[in-house]
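What follows is a short report on a single structure.
The values are calculated or read from the model by the stated rules, or taken from the named source; none is laboratory data. Every value quoted in this text rests on a predicted model; they were computed, and no experiment measured them. Virtual Cβ from ideal backbone geometry, glycine too; neighbours counted across all protein chains shown.
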Amino acid sequence: MERTGLESVKLANKHIAGRRLQGINRFGVGGWQFHFGESVTLTTECNWRIVSATKIEITSDDDGQKFGLPEPIDSRVEALKLVVDESVLDVQVDPSCADLILRFGAVRLEIVNHSSAYEAWTLAAPGLLMVGRNGDR
């Protein structure tokens, strides 16, 4: 059954609020999966970032970059460090562009839609398949 954007966000909050990010996998070229346990998965093929109150902490584009460091950055490891003791407080979707925000305690995970037509992300849980598309279509 297709729901309105607001109904979908409420349902997403019901399924993901209170959960912890347990793992992140990379697939293909630019694909990422965020696992929240018990069959709750966020899949994206667009950019993501974790933002604190003062700065962008880590992004999908940072993965594999050295930035003058001794070792390349592993965005999965760094992202998990930022939310290791935090649960998802809430889920928000910008209805004009389908950017997805999962707010943790001190940081937020932002899935940044970069297409006017392609589906940017999917949030899947038992009884829920939420698809992020431009303009909340």
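Conditions tested, residue by residue: (1) hydroxyl-bearing (Ser, Thr, Tyr); (2) under 20 Å from residue 112 (Cβ atoms); (3) surrounded by 14 or more Cβ atoms within 10 Å (Cβ to Cβ); (4) at pLDDT 95 or above.
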{"residue": "8", "(1), (2), (3), (4)": "yes, yes, yes, no"}
{"residue": "27", "(1), (2), (3), (4)": "no, yes, no, no"}
{"residue": "55", "(1), (2), (3), (4)": "no, yes, no, yes"}
{"residue": "66", "(1), (2), (3), (4)": "no, no, no, no"}
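Note on the range 19-63: residues that are in a strand (DSSP E or B), out of contact with any Leu (no Cβ under 6 Å at 6 or more places or on another chain) and of a type in the set (Val, Ile, Thr) amount to 8.
Scanning the range 108-131 for residues that are surrounded by fewer than 19 Cβ atoms within 10 Å (Cβ to Cβ) and either free of Cβ contacts under 8 Å to residues at least 12 places away in the same chain or part of a loop (DSSP other than H, G, I, E, B) (or both) yields 114, 115, 116, 117, 118, 119, 126, 127, 129.
Residue under question is residue 100, and the condition is that it be surrounded by 12 or more Cβ atoms within 10 Å (Cβ to Cβ), within 12 Å of the chain's Cα centre (by Cα) and either at negative phi or not hydrophobic (A, V, I, L, M, F, W, C) (or both); does it hold? First the steps, then the outcome.
Working: surrounded by 12 or more Cβ atoms within 10 Å (Cβ to Cβ): yes; within 12 Å of the chain's Cα centre (by Cα): yes; either at negative phi or not hydrophobic (A, V, I, L, M, F, W, C) (or both): yes.
So residue 100 fits the description; yes.
Give all pairs with beta carbons closer than 6 Å in which a residue from the range 64-92 that is part of a loop (DSSP other than H, G, I, E, B) meets a residue that is at pLDDT below 95 and among the polar types (S, T, N, Q); count only pairs at least 6 apart in sequence or on separate chains. The qualifying pairs are 73/65.
When you look at residue 105, is it buried (at least 19 other Cβ atoms within 10 Å of the Cβ) and among the small types (Gly, Ala, Ser), yes or no? So residue 105 fails the test.
Does residue 73 qualify as being farther than 29 Å from residue 126 by Cβ and in contact with a Ser or Thr (Cβ under 8 Å, 6 or more places away or on another chain)? Taking the combined requirement at face value, the residue does not satisfy it. Does any residue of the range 70-84 turn out to be on the phi < 0 side of the Ramachandran plot, among the polar types (S, T, N, Q) and under 12 Å from the mean Cα position of the chain (by Cα)? No, there is no match, as no residue in the range 70-84 is on the phi < 0 side of the Ramachandran plot, among the polar types (S, T, N, Q) and under 12 Å from the mean Cα position of the chain (by Cα).
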